[in-house]
C-alpha cells in the first residue's frame, strides 16, 4: 500500500544552535498548517538559525511556499534561515516563482548548515 499523497510529516531536531525541520510528503493547502505550526514552534525558541529540509517532499504547493516566506519574513533579522530543496517538486517551483534567492535555497543539508553558520 502506498502512502496517502495528502500527508505531511515534520520532525524537528537541533544541530548545535540550529533548528532543522525535516519535512516529508506533500505540502499543500491541506497539509501546510503542519509546517506552519512547526515553524512557529521553532521560531518561539529564538534559535540562531532555522533550516527547513524539503529533501523528502514530493510536492510543494504555493500555500507551502507562502508558509516558508511568511516564516522567513517573521524571523528577527539576526536569525538565519535556509531551505534545502533539490528536486523538481521543490527547488524548481521555488526557483520559478523567484523565492529561491529570498529563502536561501540550497541543494543539501550540509550546505544549508554552512550557510546559516557563516
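Using the structure shown, decide if residue 60 is in contact (Cβ under 8 Å) with a residue 12 or more places away in the chain, within 11 Å of the chain's Cα centre (by Cα) and closer than 20 Å to residue 7 by Cα. Walk me through how you get there before you give the answer.
On the way: in contact (Cβ under 8 Å) with a residue 12 or more places away in the chain: yes; within 11 Å of the chain's Cα centre (by Cα): yes; closer than 20 Å to residue 7 by Cα: yes.
Yes, satisfied.
If I ask for residues that are in contact with a helix residue (DSSP H, G or I) (Cβ under 9 Å, 6 or more places away or on another chain) and assigned to a loop (DSSP other than H, G, I, E, B), which ones from the stretch 77-89 would you list? Break it down into steps so the answer makes sense when it comes.
Of all residues in the stretch 77-89, those in contact with a helix residue (DSSP H, G or I) (Cβ under 9 Å, 6 or more places away or on another chain) come to 79-85.
If the condition is that a residue be in contact with a helix residue (DSSP H, G or I) (Cβ under 9 Å, 6 or more places away or on another chain) and assigned to a loop (DSSP other than H, G, I, E, B), then 79, 85 are the ones that fit.
Residue check, residue 95 against (1) within 18 Å of residue 115 (Cβ to Cβ); (2) outside any helix (DSSP H, G or I); (3) without any contact (Cβ under 8 Å) to a residue 12 or more places away in the chain, all met but one. Which one?
Residue 95 satisfies every listed condition except (2).
Within the stretch 23-36, which residues are surrounded by fewer than 21 Cβ atoms within 10 Å (Cβ to Cβ) and within 12 Å of the chain's Cα centre (by Cα)?
Correct list: 24, 34, 36.
Among the candidates 52, 20, single out the residue that is touching a helix residue (DSSP H, G or I) at 6+ places or on another chain (Cβ under 9 Å), modelled with pLDDT of 95 or more, buried (at least 21 other Cβ atoms within 10 Å of the Cβ) and closer than 23 Å to residue 96 by Cα. Before you say what the answer is, go through the steps one by one.
On the way: 20 fails: closer than 23 Å to residue 96 by Cα.
Unique residue meeting the criteria: 52.
Would you check which residues across the stretch 69-90 are within 17 Å of residue 115 (Cα to Cα) and surrounded by 16 or more Cβ atoms within 10 Å (Cβ to Cβ) and list them?
If the condition is that a residue be within 17 Å of residue 115 (Cα to Cα) and surrounded by 16 or more Cβ atoms within 10 Å (Cβ to Cβ), then 72, 75, 79, 80, 81, 82, 83, 84, 85 are the ones that fit.
The values are calculated or read from the model by the stated rules, or taken from the named source; none is laboratory data. Predicted, not measured: the structure shown is a model, and the values here were computed from it. As a convention, Cβ positions derive from the backbone with ideal geometry for all residues, glycine included, and neighbour counts pool all protein chains shown.
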